[in-house]
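Notes follow once the structure below has been shown.
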Amino acid sequence: MGYEIAGAWGTAMATEGTGTPIVLVGDGSYMMMNSDIYSSVLSGHKMIVIVCDNGGFGVINRLQTGMGVPGFNNLLKDSRVQNKDDPLHVDFAKHAEAMGALARHCDSLADLGTAMEWAKTTDRTTVLSIATDAHKWTPGGADWYVGVPEVSPRESVQKARKGQEAFRQKQRQGV
Ligand SMILES: Cc1ncc(C[n+]2csc(CCOP(=O)(O)OP(=O)(O)O)c2C)c(N)n1
Ligand SMILES: [Mg+2]
């Protein structure tokens with residue numbers, strides 16, 4: 001997390017003249033480290049950045065709630081200054097433009113496709129943002145090895161613990 005944009009800037013330097021790195025980054029990761037958008041504009045190393053804005057740390061929210069506890073502070077809508085109707089979303093297109101990049105917010109997947117065609121023709125780093133769903137994902141079938149309490153008064157936690165123990169029976173150690 002936080003390496004995507006910096007990593008792509010390095011890739012753009014290493015592959016200069018042979019291609020344009022495409023970065024797929026979450027809104028949380030973008031917030032962690034985005035300043036190399038500016039570096040890439042200054043150095044003339046173009047990249048295309050797609051920001052998937054699902055309103056917070058979607059994967060961590062899922063991980064937390066999957067362990068039988070309520071989500072805590074992962075999604076913007078659950079932040080301390082609560083405004084569920086209008087969470088404090090960052091305007092990523094404007095943010096990127098402020099660093100000299102070209103940018104567009106996309107309203108749909110079709111719009112993203114059109115914007116990608118445009119992004120390929122631009123003369124500098126171009127950032128596209130799109131809203132995504134924090135509660136939908138493609139299961140990978142792997143266990144993120146976090147601990148679930150063995151003892152808890154919460155039934156949901158006890159259930160999550162049992163589920164994890166069962167899942168770990170399938171672990172192929174040393175493979
Ligand atoms: C440096 C660092 N800090 C924290 C984490 C833990 N972590 C993994 S994914 C994640 C949230 C990612 O949020 P976002 O980029 O918005 O992606 P989403 O899960 O919403 O798709 C966090 C905090 C990490 N992997 N690396
Ligand atoms: Mg996110």
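Derivation of every value follows stated rules applied to the coordinates shown; laboratory data play no part. Note that this is a predicted model, so its numbers are computed, not measured. We place every Cβ from the backbone using ideal geometry, glycine too, and count neighbours over all the protein chains shown.
Residue-by-condition table, conditions (1) hydroxyl-bearing (Ser, Thr, Tyr); (2) buried (at least 18 other Cβ atoms within 10 Å of the Cβ):
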{"residue": "7", "(1), (2)": "no, no"}
{"residue": "21", "(1), (2)": "no, yes"}
{"residue": "35", "(1), (2)": "yes, no"}
{"residue": "38", "(1), (2)": "yes, no"}
{"residue": "45", "(1), (2)": "no, yes"}
{"residue": "92", "(1), (2)": "no, yes"}
{"residue": "96", "(1), (2)": "no, yes"}
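Going through the stretch 152-175 one residue at a time, which ones are of a type in the set (A, V, I, L, M, F, W, C), under 14 Å from residue 67 (Cβ atoms) and free of Cβ contacts under 8 Å to residues at least 60 places away in the same chain? Talk me through it step by step, then tell me what you get.
Here is the first cut: in the stretch 152-175, the ones of a type in the set (A, V, I, L, M, F, W, C) are 157, 160, 166-167, 175.
Keeping just the survivors that are under 14 Å from residue 67 (Cβ atoms) gives 157, 160, 167.
Across the stretch 152-175, the qualifying residue is only 167.
Taking the criterion of being within 16 Å of ligand 2 (Cβ to nearest atom), surrounded by fewer than 12 Cβ atoms within 10 Å (Cβ to Cβ), among the β-branched types (Val, Ile, Thr) and under 20 Å from the mean Cα position of the chain (by Cα), would at least one residue in the stretch 137-146 satisfy it?
Yes: the stretch 137-146 contains one or more residues that are within 16 Å of ligand 2 (Cβ to nearest atom), surrounded by fewer than 12 Cβ atoms within 10 Å (Cβ to Cβ), among the β-branched types (Val, Ile, Thr) and under 20 Å from the mean Cα position of the chain (by Cα).
Say whether the condition of being within 30 Å of residue 15 (Cβ to Cβ) and more than 16 Å from ligand 2 (Cβ to nearest atom) is met by at least one residue in the stretch 53-61.
no
When you go through (1) of a type in the set (S, T, N, Q); (2) within 16 Å of ligand 2 (Cβ to nearest atom); (3) under 17 Å from residue 128 (Cβ atoms) one by one for residue 64, which number turns out not to apply?
The single condition residue 64 does not satisfy is (3).
Okay, residues lined up against (1) within 13 Å of ligand 1 (Cβ to nearest atom); (2) polar (S, T, N, Q):
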| site | (1), (2) |
| --- | --- |
| 15 | no, yes |
| 29 | yes, yes |
| 38 | no, no |
| 60 | yes, no |
| 75 | yes, no |
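Sort out for me the helices (runs of 4 or more DSSP H) sitting completely within the stretch 1-98 that have 3 or more residues that are within 26 Å of residue 126 (Cα to Cα).
4-14, 27-32, 36-43, 92-98
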